[in-house]
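Coordinate-derived values only; no laboratory data. Remember, predicted model here, so these are calculated numbers, not experimental data. A quick note on method: Cβ atoms are made from the backbone with ideal geometry, for glycine too, and the neighbour counts reach across all protein chains shown.
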């Protein structure tokens, strides 16, 4: 509710599920019946982005008008007996199913996102030091494996790595002694990354490493682990991850005992075309 009020005050949309069962905020009345804030927010959620950019203050009167118009036209439809039309009844049932389903899932997900669940997720994240490991490395890039092995032999004989890089490396880091700086996982091509992270601090390649760029002789200057952000810094990401996991689990549970049979799309298209042709011929 605090978030909802903040969004209202700043003119932004808080696009959340209607707050049924909570204290609802009135925005207007229609023939003595209340129009609620969550109703106009639900309509705002369906607007194209270019309209949403106007913000809630700019759209506030129009959104109230939309709710009023919908209620008045619905009342007219009921008076005209449209609620008894089979197709209208089916559409109304489908809309009711969506509201029930969305509310069930949103409340079930919300129930899963507890402080304990967030704390457990943070502990798992903090314990995964591999994802935060960084390597500071240098390399010498050669065109052939033979050249790379010759460089390794020179290193074994006591040659200076930086000096060899300046003399022999074909890569852009050669003039800087082959220095690449620090990098984490996923920042280098797989073969290079795998070799660098497996090496010990201060060591160089026992064998050349081949990538699409050529043959590398790698030297690991240092290794470090970036400290984990605090739980408060991580909270939005942790909550988002937990929500995705909870949603997937709930849906999987719901579908586990369900029997769903899907017709081939081509058959559906053929039926639609046949129906259209039949309608055209009748005209």
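Highest GNM mean-square fluctuation among 102, 157, 112, for the chain modelled with Cα contacts below 10 Å: 157. Here the Gaussian network model covers the chain, with springs between Cα atoms less than 10 Å apart; of 246, 230, 150, 150 fluctuates the most. Fewest neighbouring Cβ atoms within 10 Å first, the residues 250, 140, 260 line up as 260, 250, 140. Based on the Kirkwood approach, the hydrodynamic radius assigned to the chain is 26.1 Å, with every pair of different Cα atoms included.
Per-residue ellipticity at 222 nm computed for the chain from its helices equals -18500 deg cm²/dmol, with DSSP H segments shorter than 4 residues left out and the rest contributing -39,500 (n - 2.57). Quarter the surface of the alpha carbon convex hull of segment 38-183 and you get the mean projected area, 19.4 square nanometres. Computed over the alpha-carbon pairs of segment 144-283, the distance histogram in 10 Å steps reads 9, 23, 15, 11, 14, 12, 10, 5, 1, 0 percent, short to long.
When the Cα atoms of segment 35-80 are aligned to their principal axes, the ranges along those axes come out at 38, 18, 14 Å in descending order. What the Cβ-Cβ distance of residue 31 and residue 80 gives, at R0 = 22 Å and to the nearest 0.05, is a FRET efficiency of 0.75. Quote the FRET efficiency, to the nearest 0.05, computed for residue 270 versus residue 87 with a Förster distance R0 of 25 Å and r equal to the Cβ-Cβ distance. The calculated FRET efficiency here is 0.65.
Solvent-free Debye calculation, one equal scatterer per alpha-carbon of segment 130-225: log10 I(q)/I(0) at 0.14, 0.17, 0.19, 0.23 Å⁻¹ equals -0.43, -0.65, -0.81, -1.20.
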